[in-house]
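Where a number appears in this text, it was derived from the coordinates with a stated rule and is not lab data. It should be emphasised that the depicted structure is a prediction, and the values quoted were computed from it without experimental measurement. Quick reminder, even Gly has a Cβ in these numbers, built from the backbone with ideal geometry, and neighbours come from all protein chains shown.
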């Protein structure tokens with residue numbers, strides 16, 4: 001659970017940020033262009049030294065959703081076990097956000113995974129390639145408008161018969 | 001024109017002799033990608049003792065094997081590897097598709113899981129189960145031994161038959177339902 005001190009410091013620096021709390025977990029919504037500043041403050045001044053995870057949610061066809069994609073950044077202070085969730089919402093033409101690799105080395109593969117599955121570009125990432133899927137894959141399979149069974153990629157292979165073997 | 005044969009000499013066909021030796025020294029190539037691989041290991045271990053059927057020599061080099069046991073789901077990134085290993089194995093060779101996932105994709109009907117390896121490589125035996133018990137794998141190996149004994153020839157001419165070249169299953173993709181993209185909310 002994030003301390004009130006951290007929340008107050010964030011609000012003082014960046015003005016009113018939308019926050020909410022659920023079962024002791026604090027969530028702060030950050031505007032897309034302020035992400036790098038907020039994270040730099042978290043790391044340098046509020047001692048959030050661990051980036052736990054980066055993931056993403058596609059809110060297509062989601063009830064009462066305001067935005068298409070919602071990035072989720074999980075941070076922790078390893079000394080006090082304090083935790084904080086940042087949310088960054090993105091919409092269709094502007095599917096890019098600043099990379100956190102300059103601040104946290106561990107963001108490298110996490111951001112590549114989000115790019116692989118959702119097609120969100122991380123500006124300033126040193127090596128933004130697919131990490132799990134084959135490189136020739138073109139779609140972003142965890143988007144809700146991608147069919148569950150794919151578009152035939154799984155069966156796009158040559159067939160070996162007995163005498164070819 | 002009777003030929004004198006001593007009592008300790010057995011007359012046989014060369015094909016039958018080759019089949020007999022092939023079926024009793026199957027060297028499996030374990031292509032274990034999921035939980036079926038655990039049952040495969042149990043089959044080779046002392047309790048179930050695959051050595052009773054002459055198939056206990058698991059080799060991790062495909063060039064030394066003649067029986068590929070595909071144990072587990074195969075995803076689209078793994079399939080080229082599977083095909084390459086299959087091609088590296090020397091004739092005569094056989095393939096067992098072990099478990100629901102290798103045979104049909106199992107419950108993983110998603111964009112990346114191949115819906116049955118028999119779409120892309122020839123398969124001789126299918127084992128149902130999720131995962132199958134070691135007894136089932138042993139039964140499949142016994143059945144495969146019967147098959148080898150029945151139809152093998154030393155020249156391998158049975159592999160050139162037209163019926164053996166046909167795929168055992170048609171490549172029928174499940175219908176794809178396109179979700180229209182566009183509006184983010186209703």
Query raised in the report: Looking at region A:4-149 from every direction and averaging, what is the projected area of its Cα convex hull in nm²?
Result: 9.7
Query raised in the report: In nanometres, what is the gap between the two model label sites at residue A:121 and residue B:139, each 7 Å from Cα along Cα-to-Cβ?
Result: 5.7
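Between residue A:67 and residue A:139, how high is the FRET efficiency from 1/(1 + (r/R0)^6) when r is the Cβ-Cβ distance and R₀ = 22 Å? Nearest 0.05.
Numbers: r = 21 Å, r/R0 = 0.96.
Given R0 = 22 Å and the Cβ-Cβ separation, E is 0.55.
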Requested in this report: Have a look at the DSSP beta bridges in chain A and tell me what percent are antiparallel, nearest 5.
Outcome: 80
Query - Amide N of region A:27-46 lying under 18 Å from the label point, which is placed 7 angstrom from the Cα of residue A:80 along Cα→Cβ - result: A:27-28, A:39-46
Query raised in the report: Label residue A:44 and residue A:151 with points 7 Å out from Cα along Cα→Cβ: what is the distance between them in nm?
Result: 4.3
Query raised in the report: Quick one: helix A:35-44 against the long Cα principal axis of chain A, what's the angle to the nearest 10°, folded into 0 to 90?
Result: 60
**Report entry** Beta bridges per DSSP with both ends in chain B, % antiparallel, nearest 5
**Finding:** 5
Report task. For chain B, find the longest principal axis of its Cα atoms and tell me its angle to the long axis of helix B:14-23, 0 to 90°, nearest 10. Result -> 50
Requested in this report: Taking every Cα atom in region B:14-151, find the radius of gyration and the maximum pairwise distance Dmax, and write them in Å.
Outcome: 14.2, 48
Query raised in the report: If r is the Cβ-Cβ distance from residue B:151 to residue B:84 and R0 is 35 Å, what FRET efficiency results, to the nearest 0.05?
Result: 0.85
Requested in this report: May I have the extent of the alpha carbons of the protein assembly as shown along their three principal axes, as whole Å values ordered from largest to smallest?
Outcome: 112, 45, 34
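Nearest 500 deg cm²/dmol is fine: what mean residue ellipticity at 222 nm does chain A get from its DSSP H runs of n ≥ 4 alone, each adding -39,500 (n - 2.57), divided by its residue count? Walk me through the numbers before you get to the answer.
Numbers: 3 runs with 33 residues, N = 165.
So the helix-based figure for chain A works out to -6000 deg cm²/dmol.
What share of the DSSP beta bridges in the protein assembly as shown is antiparallel, in percent to the nearest 5?
On the way: 23 of 42 bridges.
Counting only bridges with both partners in the protein assembly as shown, antiparallel ones make up about 55 percent.
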Query - Value of relative contact order over chain B, rounded to a whole percent, pairs C-alpha under 8 Å and six or more apart - result: 22
Query raised in the report: Helix B:79-88 versus the longest principal axis of chain B: what is the Cα-based angle in degrees, 0 to 90, to the nearest 10?
Result: 20
